[in-house]
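Down below is the structure, laid out as structure tokens.
The values are calculated or read from the model by the stated rules, or taken from the named source; none is laboratory data. None of these values were measured; they are calculated from a predicted model. With ideal geometry, Cβ positions are generated from the backbone for all residues, glycine too; neighbour counts draw on all protein chains shown. In case anyone asks, the SASA skips ligands and DNA or RNA and just uses the protein heavy atoms, side chains included. Shrake-Rupley method; radii C 1.70, N 1.55, O 1.52, S 1.80 Å.
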Amino acid sequence: MAEKKFNKKKESSPLSYHEEYRDKKTPQPQKTPSPEKERFTLISGYTPRIDGERIVTGKAPFTHDINLRGLLYGKILRSPHACAQIISMDLTKAKNLPGVKAVLQLKKEKVQYVGEQVAAVAAVNEFIAEKALKMIEVEYKTLPFVVTEEEAMKKDSPRVHENSNVQKFSDYSRGDVEKGYQEAHAVLEKTFKTEIEIHHPTETHGSVAKWEGDRLVVWDSTQAIHNVRNGLAKALNIPQSQVKVIKKYMGGGFGSKLGLNDYTMAAAKLAKITHNPVKIILSRKENSLTVGNRPSSIQTLKGGVKKDGTITSLSLINYTSGGIGRGDRCSEPMIDIYRCPHIKVNEYTVYTHTGPSRPTRAPGHVQGTFALESFLDELAAEIDMDPLELRKKNYTTKNEGGTGIPYSSKGLDQCYQIGAQKIGWHRRNKIPGQSNGRFRKGIGMGTQIWWGVGRPETLADVMLHPDGSVEAICGTQDLGTGTRTYMAVIPADTLGLKPQDITVKIGNTSYPWCGASGGSTTTPSVAPAIRDAAVKARDYLKKMAAEKLEIDSKNIGVADRKFFNQNNPNQSITFKELTEDLSREKVFHGEYVGRPSGYAYNTFGAHFAEVEVDTQTGKIKVIKVIAVHEIGRVMNKQTAESQVVGGITQGVSTALFEGRVMDPSIGTVLNPNLIDYKLATSYDSPEIEIHFVDIVDPRINNLGTKGLGEPPRIPIAAAISNAVYNAVGIHVKETPMTPDKVLQTLKEKEA
Amino acid sequence: MNEFKLAQPQSVGQATSFLSQKPKGCHIMAGGTDLLGEMKNGIIDAEVVVDLKSLPELSFIKREQNKVRVGALTPVSELAENSFIQNEYSVLYEAALSLATPQLRNVGTVGGNLCQRPRCWYYRDSQILCLKKGGHKCFAFNGRNKYHAILGGGPCFIVYPSDLAPALISLGAEVIIASSKKEKKIPLEEFYVLPKENLLQENILQPGEMLKEIQFPLKGSGEKSTYHKLKERGTWDFALVSAAVNAQITNQSFKEIRIILGGVAPIPWRAKKAESVIKGNRITQSLLQQAAQEELRDAVPLTDNAYKTKLVQSIMSQAALSLVKT
Ligand SMILES: Cc1cc2nc3c(=O)[nH]c(=O)nc-3n(C[C@H](O)[C@H](O)[C@H](O)COP(=O)(O)OP(=O)(O)OC[C@H]3O[C@@H](n4cnc5c(N)ncnc54)[C@H](O)[C@@H]3O)c2cc1C
Ligand code: SF4
């Protein structure tokens, strides 16, 4: 029963993602932090990843690498049917196979998609476990199913849940759109589509579960050790204090590893029965079917614009499908980013018999931005306006299209200016599609807005040892983004040390609490907490130094592993000499306390892309991308730039190649592998130039920093789409923009 | 993957005798880049795997008096790195280099490439029993078929995925087939069969037979060749459509020309109609267009793959014209 409850909660995950990570009411800090006054030496610089060498030399342990004495291998039997009733299940033969230690029925009633877990086996090796799966006898009664969004929307199509497949889930309106359309000189309506994407992190999902008496220890490839711990405790009905979750290194998650997974539960149950640790690692195919996807969207946008570029009205009708799970709310960029008095949004989720959706790097914003930003270029063309001018014309420093509260900081205008200059905006075709010949070049851009605020009550410790060594400790997790590195950089900078002087400890629920790594919240949560702890440690040491040097602690400076008299730098004491006077290790607790309300906290950016379209073969080549982001103070430029490169590569990939392919009659995914589900390769990567706007948010936290996880993923497909439009004079209007679709679009243009 | 026995023959004779003993569940493994995928995904259940890697003598590239000989076990990367091939047989060099990724080229062999199984996604799903696997229906026909055949299809609509096959056929290659009884030599072009003739396999190999060697004539004077491959992404991709062209050019016209298309048909597709339009005529863009149209007269696109006709037109003239320009 407990497990069921949990599953129900998971079903509504896209909304809870929104609730969990978006800016919300926070405890009010007692004093404003004034981070803009601080000066740093390491922060905002280029510190190489402190764990880079370990990772590239294969020494860093991933969940796949965990090996324990007596380890058993778990495998999961999955439904071959898109919708079926389980009539009976016979585990006897599988149980009797030598080497099999446990067989578990996981599903009793109905299966709702191909790949849903039905039973699990633990055996002494993978080979026997797989063999045992084939010996489990399940009798199904197959039922009618529907696996494509278009089919599911039809009235008489089989129902996925009790109610109709089409469900309203997000409405918004302000002003009166009809009035706005009347005031407009041009009104346009267009439909854009995005295909379902699969997260496909490099490291597939997996967990290892081990019981130590009544205590459960789980090694998990997860973005959220604390969520997994709490989920396990609840589902197994044991105290949270009896569950420990560890995550050392991981090869990405992109939202697909944000909570407790059903296979982790299976591993825990199998381990309980067998009294042995159990490891379950999912295959690439299982990753394609069952651990999440980015919902598709069919977005019809309507907009009105005056001759001078004033946007009068915008409306959106969106049908979005995330399988048996919810679709994505795609309207937020439209609601927020441009000055616009009249808006109307109706979003509907469309259920199908396919694997459940999960948040995928900027859920909703990626699809919404692709459609909105492409649409704006068409609006601009209607009134013969430079599309960048249209965006500037409707610029606002208050959220909700100028009708809300002020942004605490917003450097989007600078993003526009830098991006346009660096790409050579003047080089674009003044009229979309005006160039001739087989190969046509074009330049386009897209705007990004995202959340990226921290999570109040995040805790972190800095521990000083009498021998001068220092630990930075936080119960967060590094997805591969560089969390470990800035966790060394911040205390090092604060204490006048080097990053290599700091031992970073993360990825364990025994450490001070930190939330999931999602929603671009990690840096603005962890960085201020660790800074808070480091400042406390520094101030404590300053006092000690002041006594030793017999000066006022106000006059103490820190640098080069020394505490010194700022008025007489020759008078100093080394960090090591100071800590020697500590009789024992000393822990300083830090916390991110929150930010003042009354302001909107968002991240901003703009991508500018140059493409070449081969009009004979329909192939799009992205030549160059200029990415400009405003994320407050950058903690570490080196890893921040990597983050942007990753976002752009993924964006190019989904703009041009990626899409889940379903067979409507069999109900199965046809490309559950990395041959047919095509990810961009290094050959497909454009030249990338990255800039960060030099702004420090004055109140968000003690460092003035915002998040960067999602932002670089958001505007890239729109920038490419608009560059294609600029090249050939028509939008492809559907991702992925593969040659077949490009050729079809060009044909439509000719006709 | 099922349990299986691994046979490591010490000679070609031993290999073919293994093969003849247990023809049914017996599979040849060369590099294994394709075979192991089929086994792991449960598409085939092998009882015996005959591992040709124990026969290094089948890996060679030899230039003789009037022909070039390539052993079946030669890694694809060696074709791409061999300077003689690079200089004399652009079509083969370019095809080898266009194929998969460096890792796969290092492990995959020429023989394995010519004998690889189809990539149709219905075929590659172990839970789907389509015509090719002895079932009653081609799921691609009314299903998702953007990568399927526009020429020569029916009742199965696979495209033959090999990049080396079109290139080698354009060079007039022959293959030596060994069995426990005898060896035979046939043109590579005749090695492949349409589904109409044999649904279950793509070539004429009989149980107990294996591909031993590939041979092709030395390059003639005035002969030029090239391989063009259109893929969705920059690398690590099978051809949407490809064209191997080998021609003899005199006075701005093609005296002789062989065009073999990949990615369009269940076999490497010899574009004979296009060849006859082109042969002996002055090379112009419109001649090449006309040739492509002639070839495509027989094309029967499925629901999702009509765009391939446009790609054929583009690639054929692109490839042929590139020979004139260089
Ligand atoms: C990700 C990926 C991408 C690929 N991309 C391409 C591509 O772009 N272009 C392309 O052409 N191919 C591609 N391939 C297909 C193929 O794996 C390679 O082309 C490779 O050359 C096959 O050689 P192998 O030695 O590994 O074959 P194996 O896997 O060993 O064998 C392939 C098949 O041929 C049979 N066989 C092998 N040798 C012989 C022989 N001597 N006689 C008779 N039968 C034999 C085997 O029984 C098996 O059925 C790709 C494969 C993968 C996995
Ligand atoms: S094209 Fe051939 S292999 Fe593919 S489904 Fe049809 S019969 Fe099977």
- Task: Could you work out the mean count of beta carbons from other protein chains within 10 Å of each residue's beta carbon in A:640-650?
- Result: 0
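Run the dipole for the stretch B:223-325 about the Cα centre, Lys and Arg Cβ at +1, Asp and Glu Cβ at -1, nothing else charged, and hand back the magnitude in debye, nearest 20.
Details: 15 positive and 9 negative charges, 46 e Å.
Using only the charged Cβ atoms, the result is roughly 220 debye.
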- Message: Residues of the stretch A:735-751 losing 40 Å² or more of accessible surface, assembly versus chain alone, probe 1.4 Å, please list them.
- Response: A:Pro739, A:Asp740, A:Leu743
- Query: Mind checking the mean number of beta-carbon atoms from other chains within 10 Å of the Cβ atoms in B:298-308?
  - Reply: 2
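Using a probe radius of 1.4 Å on protein heavy atoms only, what is the accessible area buried between chains A and B, both sides summed, to the nearest 100 Å²? Can you show the working numbers first?
Details: alone 29610 and 14780 Å², together 41600 Å².
What A and B bury together is about 2800 Å².
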- Message: Using Cα-Cα distances under 8 Å and only pairs 6 or more residues apart, what relative contact order does the stretch A:315-374 have, in percent?
- Response: 48
- Query: Ordering A:Glu471, A:Glu457 from largest to smallest accessible area (1.4 angstrom probe), what's the sequence?
  - Reply: A:Glu457, A:Glu471
- Message: Using the Cα centre of the stretch B:223-325 as origin and beta-carbon charges of +1 (Lys, Arg) and -1 (Asp, Glu), tell me which of B:Asn305, B:Met316, B:Asn246 is placed farthest towards the positive end of the dipole.
- Response: B:Asn246
- Points 7 angstrom from Cα along the Cβ direction at B:Glu47 and B:Glu256: gap in nanometres? 4.7
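Hey, any idea what Rg/Rh is for the protein assembly as shown, computing Rh the Kirkwood way over Cα pairs? Show your work: numbers first, answer last.
On the way: Rg = 31.5 Å, Rh = 31.7 Å.
Looking at the protein assembly as shown, the ratio lands at 0.99.
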- In order through the stretch A:182-190: 3J(HN,Hα) via Karplus (6.51 cos²θ - 1.76 cosθ + 1.60), integer Hz, x for Gly, Pro: 5, 6, 7, 8, 9, 10, 9, 9, 9
- For A:Lys257, B:Lys40, A:Lys562, write out the residues from largest to smallest accessible area, computed with a 1.4 angstrom probe and no ligands counted. B:Lys40, A:Lys562, A:Lys257
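Once you list every other residue whose beta carbon is under 15 Å from the beta carbon of A:Tyr249, what net charge do they have if Lys and Arg are +1 and Asp and Glu are -1?
Details: positive: A:Arg49, A:Arg54, A:Lys59, A:Lys247, A:Lys248, A:Lys257, A:Arg484, A:Lys505; negative: A:Asp51, A:Glu53, A:Asp65, A:Glu203, A:Asp220, A:Asp478.
Local charge sum for A:Tyr249: +2.
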- Task: Please report how far the C-alpha centroid of the stretch A:398-460 lies from that of the stretch A:341-394, rounded to the nearest whole angstrom.
- Result: 13
- Query: Using r as the Cβ-Cβ distance of B:Lys22 and A:Glu212, and R0 as 51 Å, what FRET efficiency do you calculate, to the nearest 0.05?
  - Reply: 0.50
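Using a cut-off of 11 Å between beta-carbons, work out the net charge of the residues near A:Lys678 (Lys and Arg +1, Asp and Glu -1, A:Lys678 not included).
Details: positive: B:Lys231, B:Arg233; negative: A:Glu658, A:Asp676, A:Asp684, B:Glu232, B:Asp237.
Summing Lys and Arg as +1 and Asp and Glu as -1 gives -3.
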- Item | Qualifying trypsin sites (Lys or Arg not before Pro) in the stretch B:154-226, DSSP loop, other Cβ atoms within 10 Å at most 14 | B:Lys181, B:Lys182, B:Lys196
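Between A:Thr32 and A:Glu577, what FRET efficiency comes out of the Förster formula 1/(1 + (r/R0)^6) with R0 = 41 Å and r the beta carbon distance, rounded to 0.05?
The formula returns an efficiency of 0.70 here.
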- Calculate one ³J(HN,Hα) per residue across the stretch A:684-695 by plugging θ = phi - 60° into the Karplus curve 6.51 cos²θ - 1.76 cosθ + 1.60, and present them in order as whole Hz with x for glycine and proline. 8, 6, x, 5, 10, 10, 10, 10, 10, 6, 7, 9
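Can you tell me the dipole magnitude for the protein assembly as shown around its Cα centre, using point charges on the Cβ only (Lys, Arg +1; Asp, Glu -1), in Debye to the nearest 20? List each step's numbers first, then the result.
On the way: 140 positive and 116 negative charges, 195 e Å.
Rounded to the nearest 20 debye, it is 940 debye.
Return the FRET efficiency for the residue pair B:Asn106, A:Asn568: r is the Cβ-Cβ distance, R0 is 56 Å, and the value is rounded to the nearest 0.05. Show your work: numbers first, answer last.
Working: r = 65 Å, r/R0 = 1.16.
FRET efficiency, B:Asn106 to A:Asn568: 0.30.
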- Note on the structure: Once all protein chains are kept in place, A:Asp214 shows an accessible area at probe 1.4 Å, nearest 10 Å², of 110
- Message: How shielded is B:130-142 by partner chains, expressed as the average number of their Cβ atoms within 10 Å of its Cβ atoms?
- Response: 1
- If ligands, DNA and RNA are left out, what is the accessible area of A:Phe657 with a 1.4 Å probe, given in Å² to the nearest 10? 20
- Message: In whole Å, what are the extents of the stretch A:354-421 along the principal axes defined by its C-alpha atoms, from largest to smallest?
- Response: 43, 32, 26
- Note on the structure: For the stretch A:372-462, listing trypsin sites (Lys or Arg not before Pro) in a DSSP loop whose Cβ sees at most 10 other Cβ atoms within 10 Å gives A:Lys430
- Item | Pairs beyond 19 Å (Cα-Cα), from A:Lys95/A:Lys269; A:Lys59/A:Lys247; A:Lys678/A:Lys741; B:Lys185/B:Lys229; A:Lys131/A:Lys210; A:Lys134/A:Lys285 | B:Lys185/B:Lys229; A:Lys131/A:Lys210
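Any idea what the relative contact order of chain A is, in percent, if you count C-alpha pairs under 8 Å spaced at least 6 apart? List each step's numbers first, then the result.
Values: 2009 pairs, mean separation 132.4, N = 751.
Value for chain A: 18 percent.
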- Area accessible to solvent at B:Met39, 1.4 Å probe radius, in Å²: 10
- Summed side-chain charge close to A:Asp384 - residues other than A:Asp384 whose Cβ falls under 11 Å, Lys, Arg +1, Asp, Glu -1: -1
- For helix B:307-325, what angle does its Cα long axis make with the longest principal axis of chain B, in degrees from 0 to 90 and rounded to 10? 70
- Query: Residues with amide H under 5 Å of A:Gly605's amide H, sequence separation 5 or more or different chain, H placed in the peptide plane at 1.01 Å from N; which?
  - Reply: A:Gln448, A:Glu630
- Dipole check, the stretch B:223-325, charges on Cβ (K,R +1; D,E -1), about Cα centroid: among B:Trp269, B:Gly280, B:Gln293 the Cα furthest to the positive pole belongs to B:Gly280
- Query: How do B:Tyr122, A:Tyr599 rank by accessible surface area computed with a 1.4 Å probe, from largest to smallest?
  - Reply: A:Tyr599, B:Tyr122
- Task: Please give, to one decimal in nm, the separation of the simple spin-label points placed at A:Asn125 and A:Leu97, each 7 Å out from Cα toward the Cβ.
- Result: 1.3
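Sort A:464-470, B:171-177 by the packing proxy (mean of other Cβ within 10 Å over each peptide's residues), most packed first.
Details: A:464-470: 16.3, B:171-177: 20.7.
By packing density, highest mean first, the sequence is B:171-177, A:464-470.
Need one number: the % of Cα-Cα pairs in the stretch B:223-325 sitting beyond the 22 Å mark.
Details: 1265 of 5253 pairs.
Of all Cα-Cα pairs in the stretch B:223-325, 24 percent lie more than 22 Å apart.
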- Please give, to one decimal in nm, the separation of the simple spin-label points placed at A:Lys110 and A:Asp539, each 7 Å out from Cα toward the Cβ. 5.9
- Message: Using only DSSP helix segments of four residues or longer, with each worth -39500 (n - 2.57), what per-residue ellipticity at 222 nm results for the protein assembly as shown after dividing by its residue count and rounding to 500?
- Response: -8500 deg cm²/dmol
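How much of the accessible area of chain A, in percent, comes from carbon and sulfur atoms when a 1.4 Å probe is used? Walk me through the intermediate numbers first.
Numbers: 13490 of 28200 Å².
The value for chain A is 48 percent carbon and sulfur by accessible area.
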- A:Gly454's amide H: which non-local residues (gap 5+, or another chain) put their own amide H closer than 5 Å, with H modeled 1.01 Å from N in plane and none for Pro or chain starts? none
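Hey, what did chain B get for relative contact order, percent, Cα under 8 Å, at least 6 apart?
On the way: 736 pairs, mean separation 57.3, N = 326.
About 18 percent, as a whole number.
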- Task: Tally up the carbon and sulfur contribution to the accessible surface of chain B as a whole percent, 1.4 Å probe, everything protein left in place.
- Result: 49
